[in-house]
Each structure stands twice: as structure tokens, then as C-alpha cells.
Amino acid sequence: MSRRDSLCDAGVRAAFSRAASRYAGAAALQRRVCDGLLERLPSGQRITRALDLGCGTGFASAGLQARCAPSGLIAADFSIGMLAAHQAGAGVPRVCADAHRLPFADGCFDLVFSSLMLQWCALDVALPECRRVLAPGGTLAFSTVLTGTLGEIDQAFHGLDAHRHVIAFPSAGDLETALTGAGLRIERMDLTTETEHFADARALLQSNRDIGASRVPAGGRRAVLGRAALQTVLARLEALRTPDGLPLSYRLAWVVATSAE
Ligand SMILES: C[S@@+](CC[C@H](N)C(=O)[O-])C[C@H]1O[C@@H](n2cnc3c(N)ncnc32)[C@H](O)[C@@H]1O
């Protein structure tokens with residue numbers, strides 16, 4: 001199986017569709033990240049056509065519509081469930097599309113916006129696709145997560161079985177290499193860490209399921225974890241308790257890049 005096939009996994013798509021009805025209620029961090037990415041968009045750029053790639057339930061819709069020519073926004077996601085739950089309803093055309101193979105002509109967008117989708121993609125395939133659909137001088141603005149993200153979950157499962165419990169996230173260096181390789185020029189890259197806190201370990205694990213992010217395509221566990229192993233996971237997470245609750249970390253990259261003129 002190629003890296004692209006292993007990442008663009010039917011199970012990942014199904015997990016996002018199953019989570020779609022709970023996503024907006026569970027995705028407080030994702031909403032903040034989306035807002036932060038909108039704030040990082042270059043001001044003064046004339047945007048006729050914009051693509052919200054991996055749009056989910058449409059957190060970015062209103063912000064992008066405010067910056068874009070009327071009817072200029074298209075939302076795309078590979079999950080039918082997410083598209084059906086999209087809050088902008090009929091106001092924004094919604095396209096079911098995989099970021100690795102976009103059904104759009106070369107050079108047709110001034111802006112490709114993508115918040116927290118690219119970690120699910122093979123960067124060496126999805127970034128060139130973003131560049132292909134951008135007009136010369138167009139902007140790609142995205143947020144993604146880097147290695148160390150969900151480290152608490154990774155550590156809690158460590159050694160209990162031979163499976164991965166968190167997807168393999170890229171490093172900042174991997175991201176820069178992939179951007180350059182795709183012919184994109186980095187105008188801005190901010191790296192930040194955000195920590196969410198949960199009342200208990202079950203709530204922490206459930207929240208990861210509610211945003212559709214618990215499915216690990218390559219090497220992930222498919223069978224239910226045994227009772228003893230689950231108790232170990234819960235105890236390890238509980239041992240990390242702080243006065244704010246049980247932490248879950250996200251190492252974020254916020255990128256604004258341009259395609260060559
Ligand atoms: C964490 S959600 C983010 C959704 C939205 N951008 C937001 O800020 O709330 C990730 C989204 O990316 C979509 N996605 C993941 N891989 C994708 C792919 N290969 N092509 C298109 N969409 C994808 C998922 O279906 C999901 O809606």
C-alpha cells in the first residue's frame with residue numbers, strides 16, 4: 001500500500017462522517033485554530049475564488065465569505081457526513097473531494113484555506129495539488145499539527161500492544177521540505193503549542209473520538225482493547241493530572257505560503 005493510500009483510508013473518512021453530528025460541539029480547539037488561521041490571512045489580497053479544503057462543518061465559512069467576492073467560496077471535504085452537517089447550508093457550494101486528487105482545474109483559486117486537515121494527508125501529494133489549483137501568486141493558508149501532538153495518548157498506550165494509537169505527524173522540517181518541494185514559498189510559519197484539559201481520562205479519549213480523529217490508518221488497532229490494558233491507559237492519563245485537569249497537547253503549525261508567479 002502506498003503512503004497516500006494508507007493515509008486516505010476509507011476508515012478515516014467513515015470516522016469523520018460518524019463524528020460529524022458531534023463535531024461542532026466537541027471541537028472547541030479546532031474552532032480557535034480556524035479563527036487564528038483566518039486572522040493570519042494577508043490583508044488586502046483581492047480574492048475572487050477561495051477553496052476551504054477539509055471544510056468539516058464549516059467553521060471557516062463566514063470568515064472566508066467576508067473576505068471573498070460574492071459566491072466565490074467553495075467548500076470541499078472527503079466526508080459526506082461533514083458536508084451534510086456543514087453550517088453554511090445551501091449558501092456555499094459543497095464538493096465531496098479528496099485533497100490528494102482535487103476535481104478542480106489548474107489555477108482556479110486565489111486562496112486555498114485549510115484548517116487542521118493536512119495532517120491526514122500525504123504532504124508530498126496534497127501540497128502539490130494545492131499548488132496546482134492555485135492561480136500564480138495565489139495563497140495557501142493552512143494550520144496543521146506536528147510531531148508531539150496527542151503525545152499524552154501516545155505515551156498512555158506505549159508498550160501495551162504492537163499498534164499505533166496516534167497518527168505519525170510530521171516535524172516542522174518535514175513540512176518546510178514538503179512546501180518547498182511543492183513549489184510553494186513560505187511567507188509565514190508560526191509554531192505554537194495548545195493544551196486542552198479534561199475532567200477525566202475517559203472524557204479525554206472520548207473527545208478525540210467525537211472530533212473523528214481516533215482512527216489511525218496505518219498500523220492502528222481495530223480490535224477493542226482488553227479491560228486490563230484500558231485500566232493501564234486510564235491510570236497513565238490520570239497520572240498527568242494538573243490543577244486544570246488532564247492535559248492533551250497540540251503542537252500547531254500555521255503557514256501562509258504563495259505559489260510562484
Ligand atoms: C479536524 S477536521 C477540521 C475541519 C475544519 N477545517 C475545521 O476547522 O473545523 C479535518 C477535516 O478534514 C477532512 N479530511 C481529512 N482528510 C481529507 C482528505 N484527504 N481530503 C479531504 N478532506 C479530508 C475530514 O473529513 C474533516 O472534515
Kindly evaluate residue 209 against the criterion of being open to solvent by 60 Å² or more (accessible area, probe 1.4 Å), touching a helix residue (DSSP H, G or I) at 6+ places or on another chain (Cβ under 8 Å) and among the basic types (Lys, Arg). yes
Can you find a residue in region 88-96 that is within 13 Å of the ligand (Cβ to nearest atom), of a type in the set (D, E, K, R) and not in a loop (DSSP other than H, G, I, E, B)? yes
Can we say residue 114 is touching a residue at least 40 places away in the same chain (Cβ under 8 Å) and within 20 Å of residue 184 (Cβ to Cβ)? yes
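Condition check ((1) closer than 27 Å to residue 178 by Cα; (2) more than 8 Å from the ligand (Cβ to nearest atom); (3) over 14 Å from the mean Cα position of the chain (by Cα)) across all residues:
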position: 70; (1), (2), (3): no, yes, yes
position: 74; (1), (2), (3): yes, yes, yes
position: 101; (1), (2), (3): yes, yes, yes
position: 110; (1), (2), (3): yes, yes, yes
position: 113; (1), (2), (3): yes, yes, no
position: 136; (1), (2), (3): yes, yes, yes
position: 140; (1), (2), (3): yes, yes, yes
Hey, can you tell me all the residues within region 1-20 that are open to solvent by 50 Å² or more (accessible area, probe 1.4 Å) and either at pLDDT 90 or above or basic (Lys, Arg) (or both)? 3, 4, 13, 18
Meets criteria (open to solvent by less than 40 Å² (accessible area, probe 1.4 Å) and within 13 Å of residue 175 (Cβ to Cβ)) for residue 142: yes
Which condition number does residue 60 fail, the rest of (1) near the ligand (Cβ under 8 Å from one of its atoms); (2) over 17 Å from residue 140 (Cα atoms) being met? (2)
Which numbered condition residue 62 misses (of (1) out of contact with any strand residue (DSSP E or B) (no Cβ under 8 Å at 6 or more places or on another chain); (2) among the aliphatic types (A, V, I, L, M); (3) open to solvent by less than 30 Å² (accessible area, probe 1.4 Å)): (3)
List, please: which pairs have Cβ atoms under 6 Å, are six or more places apart or on different chains, and start with a residue in region 4-22 that is more than 10 Å from the ligand (Cβ to nearest atom) and end with one that is modelled with pLDDT under 90? 6/217; 6/218; 11/215; 22/210
What number goes with the only condition from (1) out of contact with any strand residue (DSSP E or B) (no Cβ under 7 Å at 6 or more places or on another chain); (2) among the aliphatic types (A, V, I, L, M); (3) closer than 23 Å to residue 11 by Cα that residue 146 does not pass? (1)
If you take the residues in region 154-172 that are over 18 Å from residue 231 (Cβ atoms) and surrounded by 18 or more Cβ atoms within 10 Å (Cβ to Cβ), which one is modelled with the lowest pLDDT? 166
If you scan region 115-134, which residues turn out to be within 15 Å of the ligand (Cβ to nearest atom) and farther than 30 Å from residue 246 by Cβ? 122, 123, 124, 125, 126, 127, 128, 129, 130, 132, 133
Applying the selection to region 212-257, what residues are within 16 Å of the ligand (Cβ to nearest atom) and part of a loop (DSSP other than H, G, I, E, B)? 212, 213, 214, 215, 216, 217, 218
Quick check on residue 261: is it surrounded by fewer than 16 Cβ atoms within 10 Å (Cβ to Cβ), within 15 Å of the ligand (Cβ to nearest atom), under 28 Å from residue 122 (Cβ atoms) and not aliphatic (A, V, I, L, M)? no
For region 32-57, enumerate the residues that are crowded, with 17+ Cβ neighbours inside 10 Å and either farther than 20 Å from residue 104 by Cα or more than 8 Å from the ligand (Cβ to nearest atom) (or both). 33, 34, 37, 38, 41, 47, 49, 50, 51, 57
Taking the conditions exactly as written (more than 20 Å from residue 126 (Cα to Cα) and either crowded, with 18+ Cβ neighbours inside 10 Å or among the polar types (S, T, N, Q) (or both)), does residue 246 satisfy them or not? yes
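The values are calculated or read from the model by the stated rules, or taken from the named source; none is laboratory data. What you see is a predicted model; the values in this text were computed from it and never measured. Note that each Cβ is placed from the backbone with ideal geometry, even for glycine, and that neighbours are counted across all protein chains shown. Areas reflect the complete protein model, heavy atoms only, side chains present, ligands, DNA and RNA absent. Shrake-Rupley method; radii C 1.70, N 1.55, O 1.52, S 1.80 Å.
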